[in-house]
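J.: I have a structure I would like to understand better, so I am pasting it below and will then ask my questions one at a time.
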Amino acid sequence: MNQFPHGWGRPRDDVYGAYDSSYLNSTEPVSHTQRPIVTGTSVLGVKFNGGVIIAADNIASYGSLARYDNVERLLQVGTHTVVGAGGDISDMQYLHLLLDNLLIKEQYPADDHALLAPQVHTYISRVLYQRRNKFDPLWNSILTAGADPKTSEPFLSYVDLRGTTYTAPALATGYGAHLAVPILRRHVPDEEACASLSQEDAEKLVEECMKVLWYRDARSGVKYSWAVVTKDGVTTGNNKIENQSWKFAEMIKGYGAQNV
Amino acid sequence: MTSIGTGYDLSNSVFSPDGRNFQVEYAQKAVENGPTTIGLRCKDGVILACEKLITSKLLVPGSNKRISTVDRHIGIATSGLIPDGKHFINRARDEAISWRRNFKDSVPIASLADRMGSYAQAYTLYSSVRPFGVTAIVAGADNDGPGLYMIEPSGLYWGYFGAATGKGRQAAKSEIEKLNLSELTLLQGIKEAARIIYVAHDDNKDKEFEIEMTWVTKDAKTANAAVTGSRGMIWNGWVHEEVPKELLEEAAREAKKAVEEEDEEDDDAKGEEKMDEDL
Amino acid sequence: MFRNNYDNDSVTFSPQGRIFQVEYALEAIKQGSAAVGLRSKTHVALVALKRNAEELGSYQKKIIPIDKHLGVALAGLSPDARVLSNFMRQQSMASRLLYKRPVPVSRVVNSIADKAQVNTQHYGKRPYGVGLLIAGVDETGPHLWEFQPSGQILEYFGAAIGARSQSARTYLERHFESFPDVSRDELVLHGLKALRDTLQQDKELTTDNTSIAIVGIGEDLKQYDGPRVKRFLDLLGEDGTKSQRAARLDTAMDAGGADDDNDDELAGLLGESGPSGSAMDTTE
């Protein structure tokens, strides 16, 4: 009998040749996720007077391939919170599972305590930070939007795969952080500006930004979901970017099959 | 009881020579003194109700709940040792969460009842633990519609149209048997449930009590916003929640009146009998 | 001699379905000095009677702060109370870390109840030998809970545990309907009056033996011991031992000048003889 446990359950050396165990002695460090696989792009959020609006398109890309075109990236968590995620879609789905379980556990006591946006945001940021400390991050950047049911104070906060958190009157993840934020900031440079922004104007502003992203971000889609949170709760909807104008594209040379 | 002093009743997991497990029977005794608790499986949902005695006026009314939510679509009421009931319910919650993680689906009621039956049974197997001093009534709904199960300290469980346990179970059972549960709706059911709790209540021994009542419903209008708000999450559309306050109060009022009228009729009948005798 | 075979451990039911070890643990609470808790619409107060083992020794700890919004008073084995309050502190910190939310009172109480229940179902463990009054404030207002070694927890408007606590309960039952609207000081005074009723004939409340804690909406838990208790005892006025107060009461009644307040005092004295409530009936 072979006295060495590592040999047990392996093909016999005398029949199949010596077992090549070199891969077991790798000197490489242990590695986890190095990059996202199926991804969602920007999430936008803007605070307005009495609430907050958040939006994300429905595309999930596999590299540069628009692999899925009906993915919901906004998740309602309880009565007054919506969480939008960019980055890896499967990690987002795992986060949804965590938030779902969190909500169920929150319901057990049947008391008058409810998780509101600040608590949900803190929870997500702790999860993400803990995972980054394991060097096994959840590859997402996330916006949490909500409103306080009593004071109607809007809440909007960002957290990413490193556990970094940040808050501002208007936020965007991914490409939106480059393309949409400058536009948003023109309208809401500070909290005071939010207080004088109506819901209607905020909706138009988001629509405008989604359009810019659709033109300029090659991972974006034409259909997007939006959600508005006020003290009365969450309203959601879907939108499609209309009145597109691609005239400018005629001027662009150098790509694809063109007869100069 | 002949068993006492024979020594076969001193340890869990021990059979007596005639094949009984006394510690399990004693655990059932703990339930027999517990508050009356019932479950009704109606056409469009399930109702759980229990009699909550007010042992001190210093207690905060409406606090100290006896019926618990296990998952969005399941509730459990226990009768017997309250802390044991809490432990049992915590386990049921863990089972429900585990089912979601494994199958991305809400746990079917029959499966949860089965798992919890096994859990209770495991506590009859070892001398290092004692059985649960509770009977649990599991109410919920899934793809097969409404489901109602009752789990005993032995681990034994059955599915029911109507279940009753605790002090007033005999009276409650005979009332439940009069109902046509396969045709009864939830709105009719809560009135019957309130009436049954009143009928089973022992006026002589205990005075004041509250009724605690929950249901499992698919009616989104009454459903608790925290649950229906969870679009995109694992949920089969049924909600376990407290019966709306106005409905419960109305049902309790009617039940009280009905029981009082019945008592008066009884008294009248007795009075007549007495007169007959006198004649 | 009668020997009870069913009381050796907490994994044996008696033929009536009782668990004697758990019931005996409930008795351990009565070995400890009394603690009283009560709540108004805005505050919860805990008051407790401290004992000292000997003249030169220090007084025991009866109130343990858990968090800014939460504290407990204990009666029974204080080492057990320390284990439970450490656990509550952990829960409290976890809530603040994970959700940036002070832990809701009912939930932290439920967590120790679940912990205590396990000790009543497994061989080799013993039930905790301590009763707790948990006072705290959260989003839903002020709350007062009682914890028992059986794992039973109940929410109260006013509660008392420990030696001769029935007298305090009698006081609370007589007055609790006025508690919601009383001021912070008045709430403490009601607590002290209830606590005073648990004293033995020759004892009185002093700055040495009285412990007070108060927490309110928008007001952190504050504990008063030693000299800082004096203000409340002064407000209480009417000091002296129980027998001294009774003597004064007699004089006042002879003079026909007994007012409402003295009535209460009399009730307190009479309440002394009441039966000690059976706290062991976990089946309700």
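J.: Which of the residues that make up the stretch B:72-92 are facing another protein chain (nearest Cβ under 10 Å) and surrounded by fewer than 19 Cβ atoms within 10 Å (Cβ to Cβ)?
T.: Correct list: B:N90 only.
J.: When you scan the stretch C:188-204, do you find a residue that is within 14 Å of chain B (Cβ to nearest Cβ), assigned to a helix (DSSP H, G or I), of a type outside the set (A, V, I, L, M, F, W, C) and in contact (Cβ under 8 Å) with a residue 60 or more places away in the chain, even just one?
T.: Looking only at the stretch C:188-204, we keep the residues that are within 14 Å of chain B (Cβ to nearest Cβ), and these are C:190-191, C:194.
Then drop every residue that is not assigned to a helix (DSSP H, G or I), which leaves C:190-191, C:194.
Add one more test, that the residue is of a type outside the set (A, V, I, L, M, F, W, C), and what stays is C:190-191.
Narrowing further to those that are in contact (Cβ under 8 Å) with a residue 60 or more places away in the chain: C:190-191.
Checking the stretch C:188-204: at least one residue is within 14 Å of chain B (Cβ to nearest Cβ), assigned to a helix (DSSP H, G or I), of a type outside the set (A, V, I, L, M, F, W, C) and in contact (Cβ under 8 Å) with a residue 60 or more places away in the chain.
J.: I'm checking my understanding of the structure. Among residues of the stretch C:136-182 that are touching a residue at least 24 places away in the same chain (Cβ under 8 Å), surrounded by fewer than 22 Cβ atoms within 10 Å (Cβ to Cβ) and of a type in the set (S, T, N, Q), which one is nearest to B:N90 (Cα to Cα)?
T.: C:T140
J.: Testing C:S58 on (1) within 12 Å of another protein chain (Cβ to nearest Cβ); (2) surrounded by fewer than 17 Cβ atoms within 10 Å (Cβ to Cβ), one condition comes back false. Which one is that?
T.: Result: C:S58 passes all but (1).
J.: While we're here: Pull out all pairs, ordered by first then second residue, where Cβ-Cβ is under 8 Å, the residues are six or more apart or on different chains, the first lies in the stretch A:64-85 and is more than 12 Å from chain B (Cβ to nearest Cβ), and the second is part of a strand (DSSP E or B) and among the charged types (D, E, K, R).
T.: That search, which allows pairs on different chains as well, returns A:D69/A:K223; A:N70/A:K223.
J.: Continuing with the same structure: Only one of (1) closer than 18 Å to C:Q117 by Cβ; (2) within 7 Å of chain C (Cβ to nearest Cβ); (3) surrounded by fewer than 24 Cβ atoms within 10 Å (Cβ to Cβ); (4) free of Cβ contacts under 8 Å to residues at least 40 places away in the same chain is not met by B:V60, so which one is it?
T.: The single condition B:V60 does not satisfy is (1).
J.: Now for a different question. Being within 16 Å of B:P35 (Cβ to Cβ) and either of a type in the set (K, R) or not in a loop (DSSP other than H, G, I, E, B) (or both) is the requirement here; does B:I137 meet it?
T.: Values: within 16 Å of B:P35 (Cβ to Cβ): yes; either of a type in the set (K, R) or not in a loop (DSSP other than H, G, I, E, B) (or both): yes.
Considered against the rule, which asks whether it is within 16 Å of B:P35 (Cβ to Cβ) and either of a type in the set (K, R) or not in a loop (DSSP other than H, G, I, E, B) (or both), B:I137 comes out as yes.
J.: Restrict the check to the stretch C:64-75 and report whether at least one residue is in contact with a strand residue (DSSP E or B) (Cβ under 6 Å, 6 or more places away or on another chain), assigned to a loop (DSSP other than H, G, I, E, B) and in contact (Cβ under 8 Å) with a residue 12 or more places away in the chain.
T.: yes
J.: Quick one: how many residues across the stretch A:165-181 are in a helix (DSSP H, G or I) and over 14 Å from A:L143 (Cα atoms)?
T.: Restricting attention to the stretch A:165-181, the residues satisfying the condition of being in a helix (DSSP H, G or I) are A:176-179, A:181.
In the following step, the residues that additionally are over 14 Å from A:L143 (Cα atoms) were identified as A:178-179.
Residues in the stretch A:165-181 being in a helix (DSSP H, G or I) and over 14 Å from A:L143 (Cα atoms): 2 in total.
J.: Are there any pairs, at least 6 apart or on different chains, whose C-beta atoms fall under 8 Å, with the first in the stretch B:1-19 and at pLDDT 75 or above and the second loosely packed, with under 10 Cβ neighbours inside 10 Å, and if so, which?
T.: The qualifying pairs are B:Y8/B:P17.
Residues checked against (1) crowded, with 18+ Cβ neighbours inside 10 Å; (2) under 21 Å from A:G87 (Cα atoms); (3) within 23 Å of the chain's Cα centre (by Cα):
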residue	(1), (2), (3)
A:A170	yes, yes, yes
A:L184	yes, no, yes
A:A193	no, no, no
A:L213	yes, yes, yes
A:A218	no, yes, yes
A:G221	yes, yes, yes
A:T230	yes, no, yes
A:V234	yes, no, yes
A:K247	no, no, no
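J.: Sort out which residues of the stretch A:86-102 are closer than 20 Å to A:G174 by Cα and either of a type in the set (K, R) or assigned to a helix (DSSP H, G or I) (or both), and write them in order of number. Even if it seems obvious, please write down each step before you answer.
T.: Step one: filter the stretch A:86-102 for residues closer than 20 Å to A:G174 by Cα, giving A:86-96.
The answer is A:I89, A:S90, A:D91, A:M92, A:Q93, A:Y94, A:L95, A:H96.
J.: Let me ask something else about it. Against the definition (in contact (Cβ under 8 Å) with a residue 60 or more places away in the chain, surrounded by 15 or more Cβ atoms within 10 Å (Cβ to Cβ), more than 30 Å from B:N64 (Cα to Cα) and not charged (D, E, K, R)), how does A:S42 come out, yes or no? First the steps, then the outcome.
T.: Numbers: in contact (Cβ under 8 Å) with a residue 60 or more places away in the chain: yes; surrounded by 15 or more Cβ atoms within 10 Å (Cβ to Cβ): yes; more than 30 Å from B:N64 (Cα to Cα): yes; not charged (D, E, K, R): yes.
Yes: the conditions hold for A:S42.
J.: Hydrophobic (A, V, I, L, M, F, W, C) and either in a strand (DSSP E or B) or at pLDDT below 95 (or both): is that true of B:A223 in this structure? Explain how you work it out, then say what you get.
T.: Working: hydrophobic (A, V, I, L, M, F, W, C): yes; either in a strand (DSSP E or B) or at pLDDT below 95 (or both): yes.
Criteria met by B:A223.
J.: With respect to A:D190, determine if the residue is of a type in the set (D, E) and either within 14 Å of another protein chain (Cβ to nearest Cβ) or in contact with a strand residue (DSSP E or B) (Cβ under 8 Å, 6 or more places away or on another chain) (or both). Don't jump to the end; show me each part of the working.
T.: On the way: of a type in the set (D, E): yes; either within 14 Å of another protein chain (Cβ to nearest Cβ) or in contact with a strand residue (DSSP E or B) (Cβ under 8 Å, 6 or more places away or on another chain) (or both): no.
Taking the combined requirement at face value, the residue does not satisfy it.
J.: Out of everything in the stretch B:140-159 that is farther than 25 Å from B:W235 by Cβ and in a loop (DSSP other than H, G, I, E, B), what residue ends up being farthest from the other protein chains (Cβ to nearest Cβ)?
T.: Once the filter is applied, the top-ranked residue is B:L156.
J.: Quick check, is B:S106 of a type in the set (G, A, S) and either within 14 Å of chain C (Cβ to nearest Cβ) or without any contact (Cβ under 8 Å) to a residue 60 or more places away in the chain (or both)? Don't jump to the end; show me each part of the working.
T.: Working: of a type in the set (G, A, S): yes; either within 14 Å of chain C (Cβ to nearest Cβ) or without any contact (Cβ under 8 Å) to a residue 60 or more places away in the chain (or both): no.
No, not satisfied.
J.: Another one. If A:L102 satisfies every condition in (1) among the aliphatic types (A, V, I, L, M); (2) surrounded by 22 or more Cβ atoms within 10 Å (Cβ to Cβ); (3) over 17 Å from the mean Cα position of the chain (by Cα) but one, which is the exception?
T.: (2)
J.: Now for a separate question. Of all residues being out of contact with any helix residue (DSSP H, G or I) (no Cβ under 8 Å at 6 or more places or on another chain) and part of a strand (DSSP E or B) in the stretch A:69-85, which is modelled with the lowest pLDDT? Just the residue, please.
T.: Initially, the stretch A:69-85 is screened for residues out of contact with any helix residue (DSSP H, G or I) (no Cβ under 8 Å at 6 or more places or on another chain), giving A:69-70, A:72, A:74, A:76, A:82, A:84.
Applying the additional criterion that residues be part of a strand (DSSP E or B) yields A:74, A:76, A:82, A:84.
Working: A:L74: 95, A:Q76: 92, A:V82: 96, A:G84: 97.
Restricting to residues being out of contact with any helix residue (DSSP H, G or I) (no Cβ under 8 Å at 6 or more places or on another chain) and part of a strand (DSSP E or B), the top hit is A:Q76.
J.: Of the numbered conditions (1) assigned to a loop (DSSP other than H, G, I, E, B); (2) of a type outside the set (G, A, S); (3) surrounded by fewer than 18 Cβ atoms within 10 Å (Cβ to Cβ), C:T12 fails exactly one; give the number of that condition.
T.: The single condition C:T12 does not satisfy is (3).
J.: Inspect the stretch A:107-114 for any residue being modelled with pLDDT of 95 or more and either in contact with a strand residue (DSSP E or B) (Cβ under 7 Å, 6 or more places away or on another chain) or within 14 Å of chain C (Cβ to nearest Cβ) (or both) and give the result as yes or no. Steps first, answer last, please.
T.: Here is the first cut: in the stretch A:107-114, the residues modelled with pLDDT of 95 or more are none.
Within the stretch A:107-114, not a single residue is modelled with pLDDT of 95 or more and either in contact with a strand residue (DSSP E or B) (Cβ under 7 Å, 6 or more places away or on another chain) or within 14 Å of chain C (Cβ to nearest Cβ) (or both).
J.: Same structure again: Name every residue in the stretch A:199-233 that is in a helix (DSSP H, G or I), touching a residue at least 24 places away in the same chain (Cβ under 8 Å) and among the charged types (D, E, K, R), in order of residue number.
T.: Once the filter is applied, which keeps residues that are in a helix (DSSP H, G or I), touching a residue at least 24 places away in the same chain (Cβ under 8 Å) and among the charged types (D, E, K, R), the stretch A:199-233 yields A:D201, A:E203, A:E207, A:E208, A:K211, A:R216.
J.: Any idea which of C:G237, C:G216 is modelled with pLDDT under 95, more than 15 Å from the chain's Cα centre (by Cα) and not polar (S, T, N, Q)? Before you say what the answer is, go through the steps one by one.
T.: Details: C:G216 fails: modelled with pLDDT under 95.
Result: C:G237 is the single residue among C:G237, C:G216 that is modelled with pLDDT under 95, more than 15 Å from the chain's Cα centre (by Cα) and not polar (S, T, N, Q).
J.: If you go through the stretch B:36-43 one residue at a time, do you hit one that is away from chain C (no Cβ under 12 Å), surrounded by fewer than 18 Cβ atoms within 10 Å (Cβ to Cβ), modelled with pLDDT of 95 or more and more than 16 Å from B:G155 (Cβ to Cβ)? Give the derivation first.
T.: Taking the stretch B:36-43 first, the residues away from chain C (no Cβ under 12 Å) are B:38-43.
Narrowing the set further to residues that are surrounded by fewer than 18 Cβ atoms within 10 Å (Cβ to Cβ) leaves B:43.
Imposing the further condition that a residue be modelled with pLDDT of 95 or more reduces the set to B:43.
Okay, now just the ones that are also more than 16 Å from B:G155 (Cβ to Cβ), so B:43.
Checked the stretch B:36-43: at least one residue is away from chain C (no Cβ under 12 Å), surrounded by fewer than 18 Cβ atoms within 10 Å (Cβ to Cβ), modelled with pLDDT of 95 or more and more than 16 Å from B:G155 (Cβ to Cβ).
Rundown of residues vs (1) touching a residue at least 60 places away in the same chain (Cβ under 8 Å); (2) assigned to a loop (DSSP other than H, G, I, E, B), yes/no style:
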| site | (1), (2) |
| --- | --- |
| A:I104 | no, no |
| A:A114 | no, yes |
| A:P149 | yes, yes |
| A:G163 | no, yes |
| A:I183 | no, no |
| A:L197 | yes, yes |
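The values are calculated or read from the model by the stated rules, or taken from the named source; none is laboratory data. From a predicted model like this one, the values you see are computed outputs, not experimental measurements. Note that we place each Cβ from the backbone using ideal geometry, even for glycine, and neighbour counts take in every protein chain shown.
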